[in-house]
Amino acid sequence: MIKKWWHDKVAYQIYPKSFYDSNGDGIGDIPGIISKLDYLRDLGVDIIWLSPCYRSPLADQGYDISDYYDIDPRFGTMDDMMELIAETKKRNMYLLMDLVVNHCSDEHEWFQKACQDPDGKYGNFFYLREKQEGKLPTNWRSYFGGSVWEDLPGTNKQYLHVFHKKQPDLNWENPQLREEVYKNINWWLDKGLSGFRIDAIMNIKKALPFCDYEPDRADGLCSMGAMLSQAKGIGEFLGEMRDRTFQKHDAFSVGEVFNEKPEELPDFIGDNGYFSSMFDFNETIFGGSEKGWYDCRPITPDDYKRCCFESQAKIGNIGFLSNIIENHDEPRGVSRYIPDGDCCPESKKMLAALNFMLRGLPFIYQGQELGMENIPFTSMDQVDDISSHEEYRVALEAGLSPQDALKAVSKFSRDNARTPMQWNAQPNAGFTTGTPWLRVNPNYTSINAASQLDDPDSVWNFYKKLIALRKDPVYKETIVYGALEPLWENRHNLMAYYRKGDKTLLVVGNYQKQEQAVTLPSASCNVLLNNYPDLSLEGPVLSLHGYQVVILEL
Ligand code: GLC
Ligand code: CA
């Protein structure tokens, strides 16, 4: 494996709208991010991924871009962005933006021109089809509900949108469109950006010619997966994009990749893969249902372990996965992966260590380092996220009571992760002096950064120690490149694995409330990290408290 500049780094995702508001309008912004860079540097973060802050109507919170060359005024100005790039460089940090090029906004100039002249140049930037009475071009269901087809305003045509109708899909089959995308990527890289997180990228290749697939719900539509599993040849687009952009700049790219085929992994993230890395979503998709969120199965500690080990085995040393506990599309990991009622600083630290020590590039999502939790919703009026509203509708349609539907949505809503960052115990968690765009989690008085920074036993300081361990010159080689080998795989509610390089490390987490003991392979060991003040080791017998996690050097 060829070594790359980003392998030994630690990454952090910022959701700009909810990070820090510098001017009191209730919306997080770029000057706010700049003012918090030292907080991130202090934690040990190297790479920052910004969710979109380009000009956008924010129909899908910025994942609907109306100008790829500008910053939305709500987030700041282009000058602010240039300052952010400069300030990260000063601190030896790297900045990534979000590359959202499966679709743009219906308010983008290209789409406006396509409406004016659907048979002209820009009509071919999109997927347009003649409108037929009583029949849609295909029976695909949008990720956000309903048909993927919508009338193209002012014309007798319809356009394709696999996400919201305000997010028309871009036609990657058209070389002119691809040129525009590459031009934009290079423009940003020339400005000093270190790379991109690449949004929804598996959707850019459609199975052609378009056709219907077997319906999977009573609405007569089929999920997008049905079409995508038939799409062939995405590698030509991805390889071209790499060659024309990232490669020339030695940029870092991490793909939001779903449903790749195992034999394609080397093409995706091997040496000279399409991307530097891709996210491991094995845990987040566990228990999913075609029917909707209301039908999803909760994940147990044993499932969680299996998902992690499955991904690790699949990837081996082909390349680097990017490991996450949560992101802006998922509920808070501590509320999801820790059994109900057991969420506490110890269990949060255990989850952190088990995830952080996996082979791959660790990503922290804002607030994860504080142990931020899901927000209790008491009404759908408190929910902004478009996909949550659709899932609520689907649950009601399936016959759930409004209370049960709300419960289902509360568990999975993307807004759980989008509530404002909890900086301190002041009003609105110190996120804004105005009215926050989304309700602050009422637990901010006990969970916030100010109270954790100076507390050596806080979740924040545990993350800081994990990051420091990854960078410790003595252990770095092993933690970054060492092989991962599961241990005691069939032990219930226990997750343990070796990391083997020039050192041999053992990570052991007791994934339950009750104590549990294991017999270590060797009686002499060095404790590198422990989420409890004490450790019970008698000879080779290690007795662990509930949710105790230790990292040992054998
Ligand atoms: C990705 C983003 C998500 C967005 C979707 C459409 O999944 O992470 O937030 O809604 O793509 O752009
Ligand atoms: Ca603001």
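The values are calculated or read from the model by the stated rules, or taken from the named source; none is laboratory data. The model shown is predicted, which means the values in this text are computed figures rather than measured ones. Counting neighbours? That spans all protein chains shown, and the Cβs are built from the backbone with ideal geometry, glycine included. Just so you know, the surface numbers come from the protein's heavy atoms only, side chains and all, with ligands and any DNA or RNA stripped out. Shrake-Rupley method; radii C 1.70, N 1.55, O 1.52, S 1.80 Å.
A straight Cα-to-Cα reach below 18 Å connects Lys113 with the lysines Lys121, Lys157, Lys165, Lys166, residues fewer than 8 places away in its own chain not being considered. In the chain, the longest principal axis of the Cα atoms and the axis of helix 301-315 are about 70 degrees apart. Summarising the amide proton neighbourhood of Leu160: residues at separation of 5 or more, or on other chains, whose placed amide H is nearer than 5 Å comprise Tyr127, Asp169. Distance from the alpha carbon centroid of segment 244-305 to that of segment 369-407 works out to 25 angstrom.
Global size of segment 355-448: 15.4, 43 Å for Rg and Dmax (C-alpha atoms, Rg to one decimal, Dmax whole). Computed over all pairs of different Cα atoms, the Kirkwood value for the hydrodynamic radius of segment 101-239 is 15.9 Å. Separation of the alpha carbons by more than 29 angstrom is noted, of Lys232/Lys291; Lys248/Lys305; Lys17/Lys349, for Lys248/Lys305. For the chain, the longest principal axis of the C-alpha atoms and the axis of helix 459-471 are separated by about 90°. Sites listed here are trypsin sites (Lys or Arg not before Pro) in segment 216-302 whose DSSP assignment is loop and whose Cβ has at most 11 other Cβ atoms within 10 Å: Lys232. Pairwise Cα distances in segment 106-163 exceed 19 Å in 26 percent of cases.
A Stokes-Einstein calculation at 25 °C with viscosity 0.890 mPa s, built on the Kirkwood radius of segment 501-554 over Cα pairs, returns a diffusion coefficient of 218 µm²/s. Close amide H contacts of Leu99 (hydrogens built in the peptide plane, cut-off under 5 Å, sequence separation of 5 or more or a different chain): Arg197, Ile198, Asp199.
Of the solvent-accessible surface of segment 383-489, computed with a 1.4 Å probe over protein heavy atoms with every protein chain present, carbon and sulfur atoms account for 54 percent.
Of all DSSP-defined beta bridges confined to the chain, some 60% are antiparallel rather than parallel. Principal-axis analysis of the Cα atoms of the chain puts helix 175-190 at an angle of about 40° to the longest axis. By definition, a body whose alpha carbon gyration tensor gives a ≥ b ≥ c is oblate when a/c is 1.5 or more and a/b is not larger than b/c, and segment 442-554 fits this oblate description.
Here the scattering of segment 209-343 is modelled by Debye summation over its C-alpha atoms, one equal scatterer each and no solvent; at q = 0.12, 0.13, 0.16, 0.22 Å⁻¹ the log10 of I(q)/I(0) is -0.62, -0.72, -1.01, -1.33. Helical runs assigned H by DSSP (4 residues or longer) give the chain a calculated mean residue ellipticity at 222 nm of -7500 deg cm²/dmol, each run adding -39500 (n - 2.57) before division by the residue total. A 1.4 Å probe run over the protein chains yields, for the chain, 38 Å² of accessible area per residue, whole-number rounding. Here segment 415-531 is assigned +1 on the Cβ of each Lys and Arg and -1 on the Cβ of each Asp and Glu. Its dipole about the Cα centre then comes out at about 180 debye. Overall, the anisotropy analysis places segment 373-506 in the oblate class: the square-rooted eigenvalues a ≥ b ≥ c of its C-alpha gyration tensor yield a/c not less than 1.5, with a/b not exceeding b/c.
Of the residues Val550, Met380, Met421, the one whose Cα sits farthest towards the positive end of the charge dipole of the chain is Val550 (charges of +1 on Lys and Arg Cβ, -1 on Asp and Glu Cβ, taken about the Cα centre). I'd like the antiparallel share, as a percent to the nearest 5, of DSSP beta bridges with both residues in segment 1-123. Around 20 percent of the beta bridges assigned by DSSP in segment 1-123 are antiparallel ones. Coordinate range of the alpha-carbon atoms in the chain per principal axis, descending: 78, 53, 52 Å.
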